[in-house]
Amino acid sequence: MLRHSDQIHVAGEDVAINDQELSERAISVVADIVKRDPALIDCVSYGVRSRVSDMLKQSGVDFPPHSRNKINTDLPRSITSAAGEICSDLDLGGHLERVGIIGFHIASAMGLDTHVKNNVMLGGRLHDIGKLDPEMHRIVAFDGVPPPDQKPRIKLHPLIGARVAEYFRFPKNITDLVLNHHFRCDGTGYPIQNGAPMSIEIAALSVADAIDAMVRPRPGRTIKTLDQAFQAIQNGSGKHFHPDAVQALPRVAISAIYDRILT
Ligand SMILES: [Fe+2]
Ligand SMILES: [Fe+2]
């Protein structure tokens, strides 16, 4: 996980955050999630657990007796459920669930191993949790196009989200998926460009994320049909998107998946 004493700069942008602010904002997001299901306090890392519980006790939250002192198998669903409540105007809980499911099917069509497919599913269900941060939420939910000085700041959301996932004790390969989900096949993207090739998990996840972003309603965006979304992804092959994921897409019954998820 990134640990810098000074500013962490977002690639190509005049946007930065220092490590302490990143921690504070991630702790607030964790507290907002735990507030909706206090038993989740036992899933929070020891390093920040007392901070989170103190914050919540001050706002009158009662914690149940300890019962889940381990990574809880329901944790991803509890997080997407909290995201659905906190960002109901963005349908964020639905977006996280859909990207997890579609990403899993794309990874499957790419012939990837079960553990890789499961990583993509989990990474998809967590990838945008940084948008639970109030500033990120406000920018995304802006009715229209956010002011030019605000828009680049949304690029902090993978950093905040990765720190939230770390504080919920998800393993590093999963926090890295949250951190790198806007990484592009041509080496560009954000928040951090490290010159490493796009991982196969991000290849599947980024196509799933793009499809759902294009075909589902979002503030300030025109909705696309699935055919238009497929064409846009095809056009981005080798640039934004990994060719292996693009080539696998026709073998995924996306329309049937949407019919099943949305009914
Ligand atoms: Fe994102
Ligand atoms: Fe997303």
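Screening ARG216, ARG251 for residues that are away from ligand 2 (no atom under 15 Å from the Cβ), of a type in the set (Lys, Arg) and surrounded by 12 or more Cβ atoms within 10 Å (Cβ to Cβ) leaves exactly one candidate, ARG251.
I'd like to check something: does segment 122-139 contain any residue that is more than 16 Å from ligand 2 (Cβ to nearest atom) and touching a Gly at 6+ places or on another chain (Cβ under 8 Å)? If you could, list the steps in order and put the result at the bottom.
To start, the set of residues in segment 122-139 that are more than 16 Å from ligand 2 (Cβ to nearest atom) comprises 134-135, 138.
Filter once more, keeping what is touching a Gly at 6+ places or on another chain (Cβ under 8 Å): none.
Scanning segment 122-139, I find no residue that is more than 16 Å from ligand 2 (Cβ to nearest atom) and touching a Gly at 6+ places or on another chain (Cβ under 8 Å), so the answer is no.
For first residues located in segment 209-237 and more than 25 Å from MET121 (Cβ to Cβ) and in contact (Cβ under 8 Å) with a residue 60 or more places away in the chain, partners that are within 16 Å of ligand 1 (Cβ to nearest atom) and hydrophobic (A, V, I, L, M, F, W, C) and lie 6+ apart or on another chain with Cβ distances below 6 Å form the pairs PRO219/ALA141.
On the basis of being away from ligand 1 (no atom under 14 Å from the Cβ), under 17 Å from TYR167 (Cβ atoms), out of contact with any Cys (no Cβ under 6 Å at 6 or more places or on another chain) and without any contact (Cβ under 8 Å) to a residue 60 or more places away in the chain, does SER88 make the cut?
no
VAL145 passes every criterion in (1) more than 15 Å from ligand 1 (Cβ to nearest atom); (2) without any contact (Cβ under 8 Å) to a residue 40 or more places away in the chain apart from (2). Here segment 154-192 is the region considered, the condition is being touching a residue at least 60 places away in the same chain (Cβ under 8 Å) and touching a strand residue (DSSP E or B) at 6+ places or on another chain (Cβ under 9 Å), and the residue that is surrounded by the fewest Cβ atoms within 10 Å (Cβ to Cβ) is ILE192. Tell me, yes or no, whether segment 176-199 has at least one residue that is of a type in the set (Lys, Arg) and within 16 Å of ligand 1 (Cβ to nearest atom). Within segment 176-199 (the criterion being of a type in the set (Lys, Arg) and within 16 Å of ligand 1 (Cβ to nearest atom)), the answer is yes, since at least one residue qualifies. The set of residues from segment 34-89 being surrounded by 14 or more Cβ atoms within 10 Å (Cβ to Cβ) and of a type in the set (Phe, Trp, Tyr) comprises just one member, PHE63.
What number of residues within segment 178-212 satisfy the criterion of being in a loop (DSSP other than H, G, I, E, B) and among the small types (Gly, Ala, Ser)?
Residues of segment 178-212 in a loop (DSSP other than H, G, I, E, B): 180-182, 184-188, 190-199.
Remaining after also requiring among the small types (Gly, Ala, Ser): 187, 195-196, 199.
Number satisfying all stated conditions: 4.
Scoring ALA26 on the criteria (1) under 19 Å from the mean Cα position of the chain (by Cα); (2) exposed (fewer than 13 other Cβ atoms within 10 Å of the Cβ) leaves a single failure, condition (2). Checking segment 66-78 against the condition returns a match, with at least one residue being part of a helix (DSSP H, G or I) and in contact with a Phe, Trp or Tyr (Cβ under 7 Å, 6 or more places away or on another chain). One residue alone among ASP143, ASP176, ASP149 is charged (D, E, K, R) and under 16 Å from the mean Cα position of the chain (by Cα), and that residue is ASP176.
With more than 27 Å from PHE142 (Cα to Cα) and at pLDDT 95 or above as the only criterion, which of GLY187, GLY238 stands out? It would help to see each step written out before you state the result.
Values: GLY187 fails: at pLDDT 95 or above.
Going through GLY187, GLY238 in turn, the sole match is GLY238.
The values are calculated or read from the model by the stated rules, or taken from the named source; none is laboratory data. Predicted, not measured: the structure shown is a model, and the values here were computed from it. Note: ideal-geometry Cβ built from the backbone for every residue, glycine included; neighbour counts use all protein chains shown.
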